[in-house]
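Heads up: the structure comes next, in structure tokens.
Every number in this text was worked out from the coordinates using simple rules, so none of it is lab data. Remember, predicted model here, so these are calculated numbers, not experimental data.
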């Protein structure tokens, strides 16, 4: 894990009895070190987001959302780092509730999905900020891109699944169905639906 990982995450992994090694400031730094250790220790590497089984596991979040909210859902906001969570949520929600908009939200200083969708293929960012540690990723994974690309709602009334750059202050999305406002203040995020 990066050295910037919140202590609560580090302790949660240690509580499971696992060894935690902290390296670098970003996910990519830690991933490079993990790959080096795989060779050194003859270990198995499981990618955090660029693996179909991991994506399927991340998609179980969508199963829980629908189990807990059986009524129609206009939109689900999904944080984007490497794209695994977005791909898993998108795949499940769109198969069960195709009218639900899936909105990817990523930090403005780590907008790798935005860059990838603009380029039409996964491209690395030159610099990644670390404001949002779990989304501080240099490049979207190949598998998440394959799942997300072309499956976004691109109608003029909606921009579902297009990434939103979230700065620490505010990000707004407008569609025919209404307006959602995302505000991040003092580490708490509030989502409010306006009609």
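Work out how much length residue 142 to residue 10 would gain on full extension: take 0.36 nm times their residue separation and subtract the Cα-Cα distance, in nm to one decimal. If you can, show how the numbers build up before the last one.
Details: separation 132, 0.36 × 132 = 47.52 nm, distance 2.70 nm.
Separation in residues times 0.36 nm, less the Cα-Cα distance, equals 44.8 nm.
Averaging over all projection directions, find the projected area of the Cα convex hull of the stretch 18-157 and quote it in nm² with one decimal place.
Working: hull surface 38.8 nm².
For the stretch 18-157, averaging the hull's shadow over all directions gives 9.7 nm².
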